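A short worksheet on the structure shown next.
The values are calculated or read from the model by the stated rules, or taken from the named source; none is laboratory data. In this text, all values refer to a predicted model and were calculated from it rather than measured experimentally. Cβ sites come from the backbone with ideal geometry, for glycine too, and all protein chains shown count toward neighbours. SASA here: full protein model, heavy atoms, side chains in, ligands and nucleic acids out. Shrake-Rupley method; radii C 1.70, N 1.55, O 1.52, S 1.80 Å.
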Amino acid sequence: MILLAASAAGCSSSVDGSGSAAPGEVAAYSSDVAASRQSAGRDDASKLCRQAMSSMVVMVRGYNTFVRRLTEVHAYSDVGDLDDKARASLIAGADLIREQVTEATPTDVAAPTNRFLDSTGRLGAAIGQRQLDGLNPIAVQWTRDKQATLNACSVYLPLPPAVAASPVPTSDAAGAGPSSAPAAPPTTSSTP
């Protein structure tokens with residue numbers, strides 16, 4: 001009976017429905033959400049930049065091979081399938097990069113990447129149309145857009161480890177600093 005009365009009393013209490021957060025809780029929650037979004041954005045930018053850099057290597061290699069041959073022969077008909085291979089590397093690289101651009105990707109890296117993707121499409125189209133005169137201006141813009149993307153990515157990717165942590169010893173008695181001249185090869189003396 002007592003248990004029934006206690007549960008009936010508990011069920012009859014009302015809640016006014018006007019909850020309020022304790023001071024500082026909203027600010028702490030907002031700060032946590034902002035930090036989480038920033039972290040997700042940095043992660044997305046890092047993934048995008050790693051993919052862009054590896055794709056660019058293949059894209060540039062394919063394009064340069066094609067252009068070297070085109071410069072030698074001056075006719076698409078004489079480049080073999082290098083034009084098709086260059087276009088394929090541009091298309092495949094752009095597709096892989098495009099997959100990494102998300103809504104969370106920070107604008108400072110997404111915007112130059114999207115410009116690079118646009119100029120990649122124009123370069124591929126110019127090769128597909130077998131342009132000669134119009135190819136250079138498009139390639140120049142493509143190179144600029146590629147560099148702008150790499151510059152933006154430098155913020156999101158870790159720097160490579162230092163090659164040498166200590167200065168190169170020098171034979172200069174005054175100690176003017178490390179020498180950039182190559183060291184002389186060791187000599188062997190043969191004395192009988």
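Residue count for region 119-137 satisfying the condition of being part of a helix (DSSP H, G or I) and not small (Gly, Ala, Ser): 7.
All of PHE66, PHE116 fail the test of being in contact with a Leu (Cβ under 7 Å, 6 or more places away or on another chain) and either part of a helix (DSSP H, G or I) or over 16 Å from THR149 (Cα atoms) (or both), apart from PHE66.
Inspection of region 119-141 identifies no residue that is closer than 15 Å to ILE97 by Cβ, within 11 Å of the chain's Cα centre (by Cα) and crowded, with 17+ Cβ neighbours inside 10 Å. Taking each residue of region 53-82 that is within 22 Å of ARG98 (Cα to Cα) and open to solvent by 40 Å² or more (accessible area, probe 1.4 Å) and looking for partners that are of a type outside the set (Asp, Glu) and assigned to a helix (DSSP H, G or I) with beta-carbon atoms closer than 7 Å, six or more apart or interchain, yields MET53/CYS153; VAL58/SER89; VAL58/GLY93. Going by the conditions given, is PHE116 of a type in the set (Phe, Trp, Tyr), within 27 Å of ALA152 (Cα to Cα) and at pLDDT 95 or above? Yes, satisfied.
What about VAL109, is it of a type in the set (A, V, I, L, M, F, W, C), surrounded by 16 or more Cβ atoms within 10 Å (Cβ to Cβ) and not in a helix (DSSP H, G or I)? Taking the combined requirement at face value, the residue does not satisfy it. Restricting to region 83-106, name every residue that is under 16 Å from the mean Cα position of the chain (by Cα) and open to solvent by 80 Å² or more (accessible area, probe 1.4 Å). ARG98, GLU99, GLU103, listed by residue number.
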